[in-house]
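To start, the structure under review is shown below, and the notes come after it.
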Amino acid sequence: WSKMRGNKNKSFAQEEHRREIARIREETERLKLEVGPAAIEAFREAPEADRNVVMTVISNLNSALNPGDSETSKFNPALALEITRLLSDNGVDQPQVSFAGFRAAYAIHDFEYAAAMLEKLATTDARLNDSVPAQLESTRAKWERELQLRTAEELADDLPMVRFETTVGDFTAVLYENEAPETVGNFIHLVEEEFYDGLSFYVVRPGMMIQSGCPLGNGKGHAGYTIACECEGDDIRHHFAGTLSMFNGGPDTGGSRFFICQQPNEQLDGRYTVFGRIVDNPEVIYDFSAINKTGVIPDPWEPATIEKVTVLRKRSHEYVPNRVAVLAPVDPRVTQNGRQPEPARTVPPLEDPRLTIPVGEPPESSGSSGESSGGGEESGDGNAGGESSEEPEPEAAASGNGNDSAG
């Protein structure tokens, strides 16, 4: 009895410690939210007054582009771009800051400023991976074509539209029936069947995408069939911020699961069918907190949810899915709790594997921070607007790159 009583007391003490740790973490996150804006305002008023303020502002820049997995972790390229301009205007011209400015501008389609940041980097000793300017030019050309298509669509004003009501915010999307008729037909059919109502955004990868459309909420569910992909050919649409794209596990295996991009991602072009874009309240895509439901399911877990999707407009013909294959029903008890937990992502330093600063040579800065930052000798490749050196894949396990994997 004495041993049992001792174990019970030990268990109670451990639970108290866990509660205290959770409380401290929550308080830390709250303070971070208060300190960040205060430091930015202090720097704006007196840029050379306090080096610690400069470092805090740079830390805010880092967090805006490289969010972690806490409930307050959100990708915020607009804030990052504001901070970059503020630092640059006040003489803080470290290569890492310029590269952060490039990433932020790229994310929100300001490709002119992104190019200017790369030109600034070219005047420093920092070495930039050759793939980055090449990818910028490629995405920039696709964006010019995209703008022309959007202008023509606005004049025609006849594409199907749907309205999403979610627990995070509401938004309207136009659907690209001209380029992806099969995918749009299937999507509208599912919307009218109320398939998406109540489903969770079971994966949110800040800086990449938010994902929904799984009836089980863990990446195992489906609509009971698959549809053809429409991601090949010269007339396909490309992945930009606010783009709706249909997930697939291989050719012609799409169905109901879809994702919305938080920034351009040309590495997904030709692999997933782009079938729409958000046309109002585009900032809402950055308000989703980080979550990955495909590892061990946290308890309690309260994901963002689609409350309702409504068809606002469609063309006069019938919208039905053209099934490629019929799938067996999935047991709703199926989960992925047997997996090992995904490693927690932490906020990395401003160094990026595609930007190498000579070891032992601090970047020149005319600002007040005087920060010196050594770099490695490796260089990487990846999404021009993202942090990963591996190709990002919605719902595909990324090995060895420290990224979350989705399912």
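The values are calculated or read from the model by the stated rules, or taken from the named source; none is laboratory data. Everything numeric here is computed off the predicted structure, so don't read it as measured data. Every residue, glycine among them, receives a Cβ derived from its backbone with ideal geometry; neighbour counts consider all protein chains shown. With ligands, DNA and RNA removed, areas are computed over all heavy atoms of the protein, side chains included. Shrake-Rupley method; radii C 1.70, N 1.55, O 1.52, S 1.80 Å.
Annotations
- For PRO181, neighbours were defined as the other residues whose beta-carbon sits under 14 Å from its Cβ, and their charges (Lys and Arg +1, Asp and Glu -1) total -4.
- Ordering of 40-46, 62-68 by packing [mean C-beta count within 10 Å, highest first]: 62-68, 40-46
- Both numbers refer to the Cα atoms of the range 25-157; Rg and Dmax are 17.3, 55 Å.
- For the range 150-165, backbone nitrogen atoms closer than 12 Å to the point 7 Å from ASN178 Cα along Cα-to-C-beta are found at 150-160.
- Normalised by the number of residues in the range 133-240, the average gap of Cα pairs under 8 Å and 6 or more apart makes the relative contact order 19 percent.
- Evaluated over the Cα positions of the range 32-102, the convex hull gives a direction-averaged projected area, one quarter of its surface, of 4.4 nm².
- Average accessible surface for the range 81-188: 39 Å² per residue, computed with a 1.4 Å probe over protein heavy atoms with every protein chain in place.
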